Amino acid sequence: MREELPAVAGARIAGIRSSGTWGSSLTCGEFAAVRNAGFEPVGQVFGAAVYAAGAASGPSCPAAGGSAGGGTPGGSAARAQGRGGAAFFGPLVQAMYEARHTAIGRMTAECARLGGHGVVGVRLSRGTFPLGGLEFTAIGTAVRAPGAACGRQEPFTSDLSGQDFAKLITAGWVPAGLALGISIGSWHDDRTTTRQARWGSGNAEVTGWTELVNQVRHDARRQLESDVQRLGAEGVVIAAMQLRVSQRDCPVSVGRRDHIAEATLIGTAIASFSRPGLGDTQPALSVMPIGPRRHQHP
């Protein structure tokens, strides 16, 4: 089901269609590559959503085994949760997915209104909304293949650059859509962690924090693979791996701290298609770009 456009977005798209002109966020090189691949831009498209983000886990310490009713933490273990988790981080992670997919859905709805077949060069961003909550945005350039009819199928989305999109098409692959993997986890700083992290302890690994980041990244990767399967794709080209870490006073154990880590993976799910002379292709692997990108994420 296609996302309904807000009234202001619908008016903007109507203005673009009546003007007979188009805009894009492509560079000159990207524009040339997209054209060489048999596509042409039809306009810049945008989607946004503002969500009120709640606390990561409320008045509890999930990593330490505590609860809102009090009690002594039963040991530190990294706890990471993606979509579907019933407790602690599950609802927050689900809201993160819904916010991003709402923004993407509104962007693809604009693409469909412009007669596009897909969106390339998508950039997803997240920022703090001045009145509270988080703002999620998606912006890209809608493209179409001249002479091809626009059917009922949802437009594809891809965060690949114009050049990478052209290489993908030439190699016999097509983007199936943006795939996301999000996980949030926590670690309760016990005595061991506090001792290892203390100033003057020397250059030594803080094993608890290592376990935390490994857990959330592993769980985010599982969520990403689930998203790839949902899109019916064979593999994914990962474009961004983001990690946000914060700390707070433990709501259960006075004088202790909890570390909260949020891992986000974003990539383009891809699928192969038959082209004369290509022969059989091997299943896709998840890969990271090894060349410089136009936008780098921290």
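I want to confirm something. Restricting to the range 22-38 and keeping residues that are within 25 Å of the chain's Cα centre (by Cα) and in a loop (DSSP other than H, G, I, E, B), which single residue is modelled with the highest pLDDT? Here the answer is THR27. Does ALA269 fit the bill of being farther than 29 Å from VAL174 by Cβ and either touching a residue at least 60 places away in the same chain (Cβ under 8 Å) or out of contact with any Lys or Arg (no Cβ under 6 Å at 6 or more places or on another chain) (or both)? Judged against the criteria, ALA269 is not a match. Taking (1) at pLDDT below 90; (2) aliphatic (A, V, I, L, M); (3) buried (at least 18 other Cβ atoms within 10 Å of the Cβ) in turn, ILE238 satisfies each apart from (1).
Set side by side, the residues GLY291, GLY232 differ, and just one is modelled with pLDDT under 90, assigned to a loop (DSSP other than H, G, I, E, B), loosely packed, with under 12 Cβ neighbours inside 10 Å and not β-branched (Val, Ile, Thr), which is GLY291. Residue-level check: of (1) closer than 30 Å to PHE31 by Cα; (2) not in a helix (DSSP H, G or I), LEU224 misses just (2).
Going by what's in this entry, would ARG248 be described as outside any helix (DSSP H, G or I), in contact with a strand residue (DSSP E or B) (Cβ under 8 Å, 6 or more places away or on another chain) and either within 24 Å of ARG106 (Cα to Cα) or modelled with pLDDT of 85 or more (or both)?
On the way: outside any helix (DSSP H, G or I): yes; in contact with a strand residue (DSSP E or B) (Cβ under 8 Å, 6 or more places away or on another chain): yes; either within 24 Å of ARG106 (Cα to Cα) or modelled with pLDDT of 85 or more (or both): no.
Spelling it out, it is not the case that ARG248 is outside any helix (DSSP H, G or I), in contact with a strand residue (DSSP E or B) (Cβ under 8 Å, 6 or more places away or on another chain) and either within 24 Å of ARG106 (Cα to Cα) or modelled with pLDDT of 85 or more (or both).
The residue pairs whose first member lies in the range 242-266 and is over 12 Å from ILE184 (Cα atoms) and among the acidic types (Asp, Glu), whose second member is at pLDDT below 85 and part of a strand (DSSP E or B), and whose beta carbons are closer than 6 Å, counting only pairs six or more residues apart or on different chains, are ASP258/HIS188; ASP258/ARG248. Examine the range 30-49 for a residue that is farther than 30 Å from ALA171 by Cβ, of a type in the set (A, V, I, L, M) and in contact (Cβ under 8 Å) with a residue 60 or more places away in the chain, and state whether such a residue exists. Scanning the range 30-49 turns up at least one residue that is farther than 30 Å from ALA171 by Cβ, of a type in the set (A, V, I, L, M) and in contact (Cβ under 8 Å) with a residue 60 or more places away in the chain.
The values are calculated or read from the model by the stated rules, or taken from the named source; none is laboratory data. Note that the structure is a prediction, hence the values are computed from the model and not measured. FYI the Cβ positions are ideal-geometry reconstructions off the backbone, even for glycines, and counts take in every protein chain you see.
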